[in-house]
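Enquirer: My questions all concern the structure below.
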Amino acid sequence: MEQKLQKQPKIFSKVPPEEYFVSGHRGCVGCGEALAVRLVCKALGPNVIIANATGCMEVVSSQLPNTAWGVPWIHTLFENTAAVASGIECGLKVLRKKGRYSNENTIVAAMAGDGGTADIGMQALSGALERGHRFVYICFDNEAYMNTGIQRSSTTPFGASTTTSPAGKKSIGQLTWKKDLPSIAIAHNIPYVATASPSYPFDLINKVKKATTMKGPSYLHVFSVCPTGWRSAPELAIELGRLAVKTGIFPLYEVENGVYKINHEPSKLDPVKDYLKLQGRFRHLSDDTIKEIEKRVNSNFIELKRKMMCDDMRVV
Amino acid sequence: MAQKIGMEVSIALGEAAKLANTDVIAAYPITPQTHIVEHIADMVANGEMDAEFITVESEHSAMSACLGSAAVGARTFTATAGQGLELMHEVLYVASALRFPIVMTVANRALSGPLNIWGDHSDVMATRDCGWIQFFVENGQEAFDLTLCAFRIAEDPTVMLPTMLSLDGFHLTHVVEPITLIEKSDVDKFIPPLKHPFALRPDKPVTMGAFAPPFIYTETKKIADEALRSSKKVIVSVWDEFGKRFGRHYNPVETYRTEDAKTLLLTMGSYSETAMVAIDNMRTKGEKVGLIHLRLWRPFPFAELKQTTENADNLFVLDRCISLGGPGGPVCSEIKAAFYDSQKKPSIIGFIGGLGGRDMTPGDFEYMTKRGKEIIQHGTKNEVEMIGVKE
Ligand SMILES: Cc1ncc(C[n+]2csc(CCOP(=O)(O)OP(=O)(O)O)c2C)c(N)n1
Ligand code: SF4
Ligand SMILES: [Mg+2]
């Protein structure tokens, strides 16, 4: 399975040593989101301007008078990051046109959590994707509002217990299925959409790199393990990211100009239980519910393969 | 000197944004603001204006995109009204906290519900404490002139604050007035290019919008308050310079026939001109009345206001906004607070009128004067005095 990944065309074959999101921030031990941000920043490099939404990553990285950011960075609010990035992109464009900014290749990046993207920031994101700004939007999906204390979001998975979708005598926790954000991004007909995970760092770095070469908006959905919110062991963050891919819960794929490609296709999906049992947020689930989840995961994966096969036929 | 041209005030405002070399406009349509940004969109589409127009999907995103473009050092303009200003609300505070010199026109509009597209000051009064420089204009010429001044003030290196210019929806935005535009070369001399001291640049990375816990938040507010208060010096000097260059003079507080006046009316925005007609009428009947027109709202011109009322017995304040369940209108309660510590102060009575586009006639201002005196003599049981309300 790992070999399949190796066959990907590599822009990067090693992780760049430079750090732009430096240590000393206040993230929890074993935070997968902080690792994801760090890797994304390595891939973006120094010629970038980042707009960041309110959320864990903003709070842990920017407490006055300190900063973890080695690149120009702005945080304003929770739901407006794609709009702020729109303004940055247009600002740079007009300054270049008028000869007041000479750097042609500055990348504009927007970063937000799943809450800042799928829920409260959906409108601003949709507007920015539709307008076609040249920027990279990265959603760090830790499947809940972690910064405010583990409340459910629309990307919280079915059956997960959170503080606003608690499991109880009459509830199994979250009762809705994860909102499919990459598909929403794809529906905007933008040049590039991909899922990625820090558990597969080369794949992630290469996707970020590819996103920055696009002439329009690109959207990256990055799996971000949160040991605190998922009630999992901090040392398992990487392992959980791998299991999410191997079980088909979080497939790694990319859609370039409408063409689907699965970047890591297990020959057979592992049982979802391998993934669920390592997390306290799923501890209460019965075998029947786990079966239901597995059925859904399998059918989603088949659907993804169908889309890819349709594209393969189109290419032929 | 350029000659007067009859034009809709909204068009003149678009022309001001063009003359000021605006780089980025991010705006969303809402009546009665729309003509301003439609005109700008036209000029950009025709190549008459070298700017990026971001057709955002909401006012929240309009102001947010303004943050982004201001953060990279682009000259940024937007316009909105009523509900749009409310939707921007939380973003406004960030613009001032980050010291972004964004210029915004607000075409004052009543707030829902019930839905009402016509003018009053409820929208802008709800943003009173957002840390922006705020002024109210009286007519089309002033709207044009002070838009140019707004860029100059906002971008002054000692100010660096967003600036909001309020003009009455429809009563000003949609009327055709004779307006003297200013030559581009003269505007260029008046408004130097924007030099942002700490814009977002990869070769000089800065962190903007960091998070402030209790140990430092209070200090950030202290600085913001001092910055806004001390901007008054610059506002006055820019208006002075404008007067010297172009012959039209503006002050934080304007007076009309106040010299020997015992009773003063106080208004903001376009109703000041109606009130002047009422003052003239009452003067012919021998009443010693005068008018105070409050142009600068933030920073509040305490000293200038007190100076103008030194010899008056009565001060009757018109609010085009109501603080529901509160002390009447926001302007009057601020003015009462401003005078609280004064040894010698006029009797201050507040009136609410002109809500949701309801006209205020000169007769209404005469009623206000008469009723105010009655209240001072006999007192009243009314907690709030509303002009022209159908009971
Ligand atoms: C308008 C607004 N509503 C609510 C909040 C409170 N809030 C701050 S961060 C946050 C959750 C962030 O969740 P997410 O985007 O998933 O990021 P995470 O912290 O999980 O990384 C919430 C609800 C806010 N700051 N602003
Ligand atoms: S709560 Fe979760 S996402 Fe937030 S810093 Fe801790 S581990 Fe990371
Ligand atoms: Mg989250």
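Enquirer: Taking the range B:122-180 only, how many residues are among the hydroxyl-bearing types (Ser, Thr, Tyr), under 18 Å from B:ILE5 (Cβ atoms) and surrounded by 21 or more Cβ atoms within 10 Å (Cβ to Cβ)?
Expert: 2
Enquirer: Do the conditions hold for A:ARG242, that is, is it within 16 Å of ligand 2 (Cβ to nearest atom) and without any contact (Cβ under 8 Å) to a residue 60 or more places away in the chain?
Expert: Spelling it out, it is not the case that A:ARG242 is within 16 Å of ligand 2 (Cβ to nearest atom) and without any contact (Cβ under 8 Å) to a residue 60 or more places away in the chain.
Enquirer: For the range B:221-258, which residues satisfy the criterion of being within 24 Å of B:CYS332 (Cβ to Cβ) and over 15 Å from the mean Cα position of the chain (by Cα)?
Expert: Correct list: B:ASP225, B:ARG229, B:THR255, B:TYR256, B:ARG257, B:THR258.
Enquirer: Scan the range A:108-133 and report the pairs whose first residue is more than 10 Å from chain B (Cβ to nearest Cβ) and whose second residue is within 16 Å of ligand 2 (Cβ to nearest atom) and charged (D, E, K, R), with Cβ atoms within less than 7 Å and a gap of 6+ or a chain change.
Expert: Pairs found: A:ASP114/A:ASP141; A:ASP114/A:GLU143.
Enquirer: Still on this structure: Residues to consider are B:SER231, B:SER185, B:SER166; find the one that is small (Gly, Ala, Ser), assigned to a helix (DSSP H, G or I), in contact with a strand residue (DSSP E or B) (Cβ under 9 Å, 6 or more places away or on another chain) and away from chain A (no Cβ under 14 Å).
Expert: B:SER231
Enquirer: B:PHE198 - would you say it is at pLDDT 95 or above and among the aromatic types (Phe, Trp, Tyr)?
Expert: No: the conditions fail for B:PHE198.
Enquirer: Search the range A:39-50 for residues that are more than 18 Å from A:ARG134 (Cβ to Cβ) and pair each with any residue that is not in a loop (DSSP other than H, G, I, E, B) when their beta-carbon atoms are under 7 Å apart and the residues are at least 6 apart or on different chains.
Expert: Partner pairs satisfying both residue conditions: A:LEU39/A:PRO201; A:LEU39/A:LEU204; A:LEU39/A:ILE205; A:CYS41/A:PHE21; A:LYS42/A:ILE205.
Enquirer: Can you work out which of the residues in the range A:63-93 that are crowded, with 24+ Cβ neighbours inside 10 Å and hydroxyl-bearing (Ser, Thr, Tyr) is farthest from ligand 1 (Cβ to nearest atom)?
Expert: Selected residue: A:SER86.
Enquirer: Tell me the strands (runs of 3 or more DSSP E) entirely within the range B:48-130 that contain at least 3 residues that are modelled with pLDDT of 95 or more, more than 14 Å from every other protein chain (Cβ to nearest Cβ) and over 29 Å from A:ILE49 (Cα atoms).
Expert: Passing ranges, in order: B:103-108.
Enquirer: With the checklist (1) modelled with pLDDT of 95 or more; (2) assigned by TED's automatic domain parsing to the domain that holds B:PRO362; (3) not β-branched (Val, Ile, Thr) in hand, flag the one item B:ALA227 doesn't pass.
Expert: (2)
Enquirer: Hey, can you tell me all the residues within the range A:266-316 that are out of contact with any helix residue (DSSP H, G or I) (no Cβ under 6 Å at 6 or more places or on another chain) and hydroxyl-bearing (Ser, Thr, Tyr)?
Expert: The answer is A:SER267, A:SER286, A:THR289, A:SER299.
Enquirer: Return the total of residues in the range A:118-143 being within 12 Å of ligand 1 (Cβ to nearest atom), of a type in the set (Asp, Glu) and surrounded by fewer than 24 Cβ atoms within 10 Å (Cβ to Cβ).
Expert: Number of matching residues: 1.
Enquirer: Which count do you get for residues in the range B:128-185 that are charged (D, E, K, R) and within 20 Å of B:ASP23 (Cβ to Cβ)?
Expert: 4
Enquirer: Evaluate the following for A:VAL255: is it modelled with pLDDT of 95 or more and more than 16 Å from ligand 3 (Cβ to nearest atom)?
Expert: yes
Enquirer: Taking the range B:204-228 as the search range and keeping residues that are outside any helix (DSSP H, G or I) and among the aliphatic types (A, V, I, L, M), which one is surrounded by the most Cβ atoms within 10 Å (Cβ to Cβ)?
Expert: Once the filter is applied, the top-ranked residue is B:MET208.
Enquirer: Given the range A:9-101, what helices (runs of 4 or more DSSP H) lie entirely inside it while holding 3 or more residues that are at pLDDT 95 or above and away from chain B (no Cβ under 12 Å)?
Expert: In the range A:9-101, A:32-44 are the helices (runs of 4 or more DSSP H) which contain 3 or more residues that are at pLDDT 95 or above and away from chain B (no Cβ under 12 Å).
Enquirer: Counting only residues that are within 13 Å of ligand 1 (Cβ to nearest atom) and either surrounded by fewer than 20 Cβ atoms within 10 Å (Cβ to Cβ) or of a type outside the set (A, V, I, L, M, F, W, C) (or both), how many does the range A:39-59 have?
Expert: 5
Conditions (1) of a type in the set (Gly, Ala, Ser); (2) touching a strand residue (DSSP E or B) at 6+ places or on another chain (Cβ under 8 Å), marked per residue:
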| site | (1), (2) |
| --- | --- |
| B:THR78 | no, yes |
| B:ALA81 | yes, yes |
| B:ALA95 | yes, no |
| B:PHE136 | no, yes |
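Enquirer: Contact list please: Cβ distance under 9 Å, first residue in the range B:205-228 and touching a residue at least 24 places away in the same chain (Cβ under 8 Å) and within 12 Å of chain A (Cβ to nearest Cβ), second residue surrounded by 12 or more Cβ atoms within 10 Å (Cβ to Cβ) and acidic (Asp, Glu), pairs at least six apart or on different chains.
Expert: Short answer, once both residue conditions are applied: B:GLY209/A:GLU58.
Enquirer: Would you please name the residue that is nearest to ligand 2 (Cβ to nearest atom), looking only at residues in the range A:95-127 that are touching a helix residue (DSSP H, G or I) at 6+ places or on another chain (Cβ under 8 Å) and of a type in the set (Val, Ile, Thr)?
Expert: Only one residue fits best here, namely A:THR117.
Enquirer: Can you pull out the residues in the range B:188-204 that are among the aromatic types (Phe, Trp, Tyr) and either under 19 Å from A:ILE50 (Cβ atoms) or within 8 Å of chain A (Cβ to nearest Cβ) (or both)?
Expert: Once the filter is applied, which keeps residues that are among the aromatic types (Phe, Trp, Tyr) and either under 19 Å from A:ILE50 (Cβ atoms) or within 8 Å of chain A (Cβ to nearest Cβ) (or both), the range B:188-204 yields only B:PHE198.
The values are calculated or read from the model by the stated rules, or taken from the named source; none is laboratory data. This one's a predicted model, so the numbers in the text were calculated from it and none came from an experiment. So basically every Cβ, Gly included, is an ideal-geometry build from the backbone, and we count neighbours across all protein chains shown.
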